Amino acid sequence: EASTALSCLWTAAQTPFSIQKKYIRKETFMEPVIQKYLTALETKDFEALAELFTKNGHYCDYCANGTSQHEFHLYGKEAISMFFRNKFLFCQYSILSPTILNGSQAEFIASYGGYQVMAIASLQQLTADGHIRRLTVRPK
């Protein structure tokens with residue numbers, strides 16, 4: 001399971017009757033997802049951003065609370081797509097200077113309609129196929 005420290009993949013060994021476990025570190029598995037997340041935000045691609053999430057994925061952003069807006073709790077890929085389409089279209093959300101901290105976290109400067117907050121995004125839960133179940137963004 002992707003939420004554990006190690007994920008397990010089963011592969012056939014030399015003989016068809018033996019099975020060998022191969023472990024992949026959580027950070028290694030999740031790194032492409034965090035990069036795709038940052039790329040979608042930087043390029044303001046709301047469709048690509050939504051596709052990173054499961055059908056019922058949860059996006060939770062606590063950074064906006066310190067600005068003139070309320071925190072965001074978005075449930076489902078369609079809600080995430082619509083929300084970011086509007087935020088990007090009306091220039092109400094962008095990021096600057098993104099940096100990957102590890103395979104499950106990245107930091108960036110988030111701009112909420114002119115207010116800037118140093119933020120950390122954390123992949124909280126992923127499915128086995130690499131889709132986001134839960135992602136949180138908090139002030140640094």
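General observations
- If only residues of the stretch 110-140 that are among the aliphatic types (A, V, I, L, M) and open to solvent by 20 Å² or more (accessible area, probe 1.4 Å) are counted, the one that is nearest to the chain's Cα centre (by Cα) is I120.
- Only one of the listed residues (L126, L74, L96) is in contact with a strand residue (DSSP E or B) (Cβ under 8 Å, 6 or more places away or on another chain), over 16 Å from L41 (Cα atoms) and among the aliphatic types (A, V, I, L, M). That residue is L126.
- Residue ID - least open to solvent (accessible area, probe 1.4 Å), chosen from residues in the stretch 64-77 that are closer than 13 Å to A110 by Cβ and out of contact with any helix residue (DSSP H, G or I) (no Cβ under 7 Å at 6 or more places or on another chain): A64
- Options E78, E107: the member that is over 14 Å from the mean Cα position of the chain (by Cα) and touching a residue at least 24 places away in the same chain (Cβ under 8 Å): E78
- Taken over the stretch 78-108, residues that are assigned to a strand (DSSP E or B), among the aliphatic types (A, V, I, L, M) and crowded, with 16+ Cβ neighbours inside 10 Å amount to 3.
- In the stretch 29-49, the residues that are more than 19 Å from S97 (Cβ to Cβ) and buried (at least 17 other Cβ atoms within 10 Å of the Cβ) form Cβ pairs under 6 Å with partners that are charged (D, E, K, R) and modelled with pLDDT of 95 or more, at six or more places apart or across chains, as follows: F46/R85.
- Cβ separations smaller than 6 Å between residues 6+ apart or across chains give the following pairs from the stretch 87-104 residues that are over 21 Å from N65 (Cβ atoms) to residues that are open to solvent by 40 Å² or more (accessible area, probe 1.4 Å) and part of a strand (DSSP E or B): S97/I109.
- Scope the stretch 96-106; condition more than 15 Å from T136 (Cβ to Cβ), touching a helix residue (DSSP H, G or I) at 6+ places or on another chain (Cβ under 8 Å) and modelled with pLDDT of 95 or more; matching residues: P98, I100
- Residue match in the stretch 51-63 (condition: more than 15 Å from Y37 (Cα to Cα), open to solvent by less than 30 Å² (accessible area, probe 1.4 Å) and at pLDDT 95 or above): no
The values are calculated or read from the model by the stated rules, or taken from the named source; none is laboratory data. Since the structure is predicted, the reported quantities are computational estimates derived from the model, not experimental observations. Cβ atoms come from the backbone with ideal geometry, glycine included; neighbour counts cover every protein chain shown. The area values use the complete protein model at the heavy-atom level, side chains included, leaving out ligands, DNA and RNA. Shrake-Rupley method; radii C 1.70, N 1.55, O 1.52, S 1.80 Å.
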